[in-house]
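Remarks on the structure that follows.
The values are calculated or read from the model by the stated rules, or taken from the named source; none is laboratory data. Quick caveat: nothing in here was measured; it's all calculated off a predicted structure. Glycine also receives a Cβ, built like all others from the backbone with ideal geometry; neighbour counts cover every protein chain displayed. The protein model used for the area step is the full one, side chains on, heavy atoms only, and it has no ligands, DNA or RNA in it. Shrake-Rupley method; radii C 1.70, N 1.55, O 1.52, S 1.80 Å.
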Amino acid sequence: MDESAGIRSVQRVDARHRYEILVDGRRAGLAAYRDRGVQRVFFHTEVDDAFAGQGLGTELVQSALADVRESGKRVVPVCPYVAKFLKRHEEFADLADPVTPDVLSWLEDELR
């Protein structure tokens, strides 16, 4: 698949606790989260292998973080991809809260 192929969109799917990136209406990736008060805890990001190498992960996380900013929430980057993105994109650094043992314990309970 060519990088310019397809119409891309990112949507928040609250019922499934995730953001999805769609290419021509087909889900190509997701960033999963759980809300903990004012914190949106991101714990998993993936892009389908069929869409690899197209920058969709970056586009997905950038859109998700912009939405978090708009909603007045904070970000806890448990997901390594989101954590790496935040280190590379200082324009979102003001949104980040640290990953603490308390957050990890809470997340573990949430995901049971």
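For this structure, a couple of remarks:
- Yes/no for K73 being open to solvent by less than 50 Å² (accessible area, probe 1.4 Å), charged (D, E, K, R) and within 19 Å of R18 (Cβ to Cβ): yes
- For the range 21-37, residues that are more than 22 Å from P101 (Cα to Cα) and touching a residue at least 24 places away in the same chain (Cβ under 8 Å) total 5.
- Just so you know, in the range 71-112 the residues that are hydroxyl-bearing (S, T, Y) and touching a strand residue (DSSP E or B) at 6+ places or on another chain (Cβ under 9 Å) include one that is nearest to F42 (Cα to Cα), and it is Y81.
- Test: R40 is in contact with a helix residue (DSSP H, G or I) (Cβ under 9 Å, 6 or more places away or on another chain) and either at negative phi or in contact (Cβ under 8 Å) with a residue 60 or more places away in the chain (or both): yes
Yes/no matrix, rows are residues, columns are (1) of a type in the set (A, V, I, L, M, F, W, C); (2) touching a helix residue (DSSP H, G or I) at 6+ places or on another chain (Cβ under 7 Å); (3) farther than 20 Å from K87 by Cβ:
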{"residue": "H17", "(1), (2), (3)": "no, no, yes"}
{"residue": "E20", "(1), (2), (3)": "no, no, yes"}
{"residue": "D24", "(1), (2), (3)": "no, no, yes"}
{"residue": "R27", "(1), (2), (3)": "no, no, yes"}
{"residue": "R36", "(1), (2), (3)": "no, yes, yes"}
{"residue": "D49", "(1), (2), (3)": "no, no, yes"}
{"residue": "A52", "(1), (2), (3)": "yes, no, yes"}
{"residue": "L56", "(1), (2), (3)": "yes, no, no"}
{"residue": "Q62", "(1), (2), (3)": "no, no, no"}
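- Options Q54, Q11: the member that is outside any helix (DSSP H, G or I), open to solvent by less than 30 Å² (accessible area, probe 1.4 Å) and either within 23 Å of L107 (Cβ to Cβ) or not aliphatic (A, V, I, L, M) (or both): Q54
- Of residues in the range 57-70 being among the acidic types (D, E) and touching a residue at least 24 places away in the same chain (Cβ under 8 Å), the one least open to solvent (accessible area, probe 1.4 Å): D67
- Residues that are closer than 12 Å to R34 by Cα, part of a helix (DSSP H, G or I) and either of a type in the set (D, E, K, R) or open to solvent by less than 40 Å² (accessible area, probe 1.4 Å) (or both), drawn from the range 77-112: V103, L107, E108, D109, E110
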